[in-house]
Amino acid sequence: MRRVLAVMAHPDDVDFGAAGTVAGWTDRGIEVAYLMITDGDAGGSDDGITRAELAALRRDEQRAAAKSIGVEDVRYLGYADGSLEATLGLRRDIARVIRQVRPDRVLTQSPDRNYERIHPSHPDHRAVGAAALDAVYPDARNPHAFPELLVDEGLGAWTVREVWLTGGPIVNHVVDVTDRFERKLTALRSHASQVGHLGDELADGLRGWLAATATAAGLPDGRLAEPFQVFSTV
């Protein structure tokens with residue numbers, strides 16, 4: 001496992017779902033790249049900032065969050081926040097980045113609604129999950145899919161070996177992030193436009209959720225874990 005591509009709808013999605021896990025990957029020398037489909041310009045309160053200004057701010061916040069856990073490669077597609085659909089165009093744009101990065105693993109959002117925890121099931125999240133899975137299979141690996149990527153851009157087919165989903169109703173793998181909790185919290189606090197008003201509620205809420213995940217997975221008391229659905233794509 002040498003490279004991972006995280007495909008997420010908004011800045012901060014990867015940090016809420018997987019920052020502790022990503023920090024563990026980068027600690028082991030795995031290269032991680034982020035692809036943000038939107039700039040998150042529809043997020044946050046109405047405090048007089050324009051959507052263009054918020055988009056620029058949230059890009060900067062995501063770069064800072066990524067850097068705090070060892071990720072330098074952060075890319076944006078600039079789609080409109082709040083109106084994503086799993087279109088052929090979005091599939092092509094994700095497949096392009098898969099062929100550029102050539103990851104062994106793709107981390108993305110579940111396309112399935114989670115009725116136990118509704119917040120991860122934002123329509124944008126589910127649309128990105130669906131498009132990313134289609135980009136993994138069959139688009140990125142099929143040399144006949146989006147031939148312009150090869151003809152015009154020289155991007156040959158690439159097969160992703162496995163996918164990790166966050167936020168979905170099925171959990172078949174957890175990662176113990178107890179020792180990386182503070183780094184996850186630091187990454188999330190980089191998104192001040194989104195969480196700055198929460199104060200201690202952010203840490204307390206995160207700790208409670210991660211502790212419940214660890215307990216459900218049978219980990220010892222006091223451990224914290226991030227949940228995923230993991231499956232092979234080969």
Self-check item: Student exercise, the range 13-150 dipole from Lys, Arg, Asp, Glu Cβ charges, in Debye to nearest 20
Solution: 520 debye
Exercise. Specify the inter-centroid distance of the range 165-190 and the range 91-113, based on alpha-carbon positions, in whole Å.
Key: 19 Å
Self-check item: Neighbour-count ranking [beta-carbon atoms within 10 angstrom, fewest first] of Lys184, Lys67
Solution: Lys67, Lys184
Quiz item: Listing Val174, Val7, Val160, Val234 from the residue with the fewest other Cβ atoms within 10 Å to the one with the most, what is the order?
Solution: Val234, Val174, Val160, Val7
Quiz item: Just how large is the dipole of the chain about the Cα centre, in debye to the nearest 20, putting +1 at every Lys and Arg Cβ and -1 at every Asp and Glu Cβ?
Solution: 740 debye
Quiz item: If you add up the charges near Thr159, with Lys and Arg at +1 and Asp and Glu at -1, over every other residue whose beta carbon is less than 15 angstrom from its beta carbon, what do you get?
Solution: +3
Practice problem: For the chain, just say rounded, prolate or oblate: build the C-alpha gyration tensor, square-root its eigenvalues into a ≥ b ≥ c, call rounded for a/c under 1.5, and beyond that prolate if a/b exceeds b/c, oblate if not. | Solution: oblate
Self-check item: Sequence ranges 164-172, 210-218, ranked by mean other-Cβ count within 10 angstrom, highest first
Solution: 164-172, 210-218
Quiz prompt | Cα shape, the range 75-118, gyration tensor, a/c 1.5 rule | solution = oblate
Self-check item: Cα lying deepest toward the dipole's positive end in the range 65-218, options Gly167, Ile118, Thr215, charges on Cβ
Solution: Thr215
Quiz item: Which helices, taking whole DSSP H runs in the chain, have alpha carbons extending 27 angstrom or more along the helix axis plus mean Kyte-Doolittle at least 1.0?
Solution: none
Quiz prompt | Neighbour-count order for Thr233, Thr21, fewest beta carbons within 10 angstrom listed first | solution = Thr233, Thr21
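Values in this text are rule-based calculations from the coordinates and carry no lab data. None of these values were measured; they are calculated from a predicted model. A quick note on method: Cβ atoms are made from the backbone with ideal geometry, for glycine too, and the neighbour counts reach across all protein chains shown.
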